[in-house]
Amino acid sequence: MSNFIIPKWPAPSYIKSLQTLRSGGKSEGKYNSFNLATHVNDDINHVDFNRALLNQHLPSTPFWLNQTHSKDIVELPSSLLNADASYTTKKNTVCVVQTADCLPLLMTNIEGTIVAAIHAGWRGLLNGVIENTLHKMNLPANELLVWLGPAISQNHFEVGSEVKNSFCEKHHEAEKAFQLISNQKWLADIYMLAKIRLHAYGVTQIYGASITDEYCTYAHHEDFFSYRRDGETGRMACLIWIAS
């Protein structure tokens with residue numbers, strides 16, 4: 001498999017990470033072709049084949065989370081995987097999140113002693129999945145590095161006033177992340193919303209996708225799965241680990 005993104009950020013050389021694309025696998029139809037999710041009604045044999053392909057590039061089998069748009073985080077290794085973020089200080093232990101429009105975030109520190117992966121849709125962002133992860137990692141903000149992966153861009157992410165108001169009640173600065181398009185309808189910038197939360201914590205070393213369409217899951221059909229665009233579809237994976 002050669003179809004993935006290698007994050008470009010100043011993490012130590014032994015911090016390994018990658019973002020899968022939708023091509024290069026065995027899944028068919030709506031899941032064409034490198035779907036890695038077992039919960040989207042894809043042929044399980046195809047998913048197992050795709051995961052086996054992915055495992056060839058990893059030091060161990062990833063800890064796949066049961067994601068529910070929560071703010072829960074689990075420390076790996078663990079048998080309890082009902083969470084939307086994971087972190088570890090163990091070598092060759094792979095943190096992973098699955099997305100198809102939601103924002104994946106990878107984190108490490110400048111010394112490379114800890115890594116984390118976060119699944120942040122608007123519900124997770126609103127309820128504090130980023131803050132909860134930062135709290136669990138318990139490191140000075142100026143030591144943290146963050147990479148933002150592919151997600152739906154503002155041009156395609158329509159939300160209602162209740163979503164906008166909920167964000168603005170928590171952070172007045174969030175007002176600038178919403179663009180009015182019609183009565184009670186707004187376009188939301190999920191990248192900006194994430195950066196507001198990170199900046200509030202003091203994290204400034206943020207890399208990866210920006211507010212442009214470069215990594216927009218909705219706009220780039222050939223590269224990314226998008227739930228908003230297609231409804232029933234596959235999931236991509238964003239992974240990080242500390243190499244031995």
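The values are calculated or read from the model by the stated rules, or taken from the named source; none is laboratory data. From a predicted model like this one, the values you see are computed outputs, not experimental measurements. We place every Cβ from the backbone using ideal geometry, glycine too, and count neighbours over all the protein chains shown.
Structural remarks
- No other residue among 195, 164, 176 is in contact with a strand residue (DSSP E or B) (Cβ under 8 Å, 6 or more places away or on another chain) and over 27 Å from residue 11 (Cβ atoms) apart from 164.
- Within the option set 9, 64, being over 24 Å from residue 233 (Cβ atoms) and surrounded by fewer than 19 Cβ atoms within 10 Å (Cβ to Cβ) holds for one residue only, 9.
- Condition check for residue 241: under 24 Å from residue 97 (Cα atoms), modelled with pLDDT of 95 or more, outside any helix (DSSP H, G or I) and among the hydrophobic types (A, V, I, L, M, F, W, C): yes
- Every condition in (1) of a type in the set (Ser, Thr, Tyr); (2) in contact with a Leu (Cβ under 9 Å, 6 or more places away or on another chain); (3) crowded, with 22+ Cβ neighbours inside 10 Å holds for residue 207 except the one numbered (3).
- Of the set (1) part of a loop (DSSP other than H, G, I, E, B); (2) surrounded by fewer than 18 Cβ atoms within 10 Å (Cβ to Cβ), all apply to residue 26 but (2).
- Residues in the range 15-48 that are in contact with a Gly (Cβ under 6 Å, 6 or more places away or on another chain), within 22 Å of residue 68 (Cα to Cα) and polar (S, T, N, Q): 19, 35.
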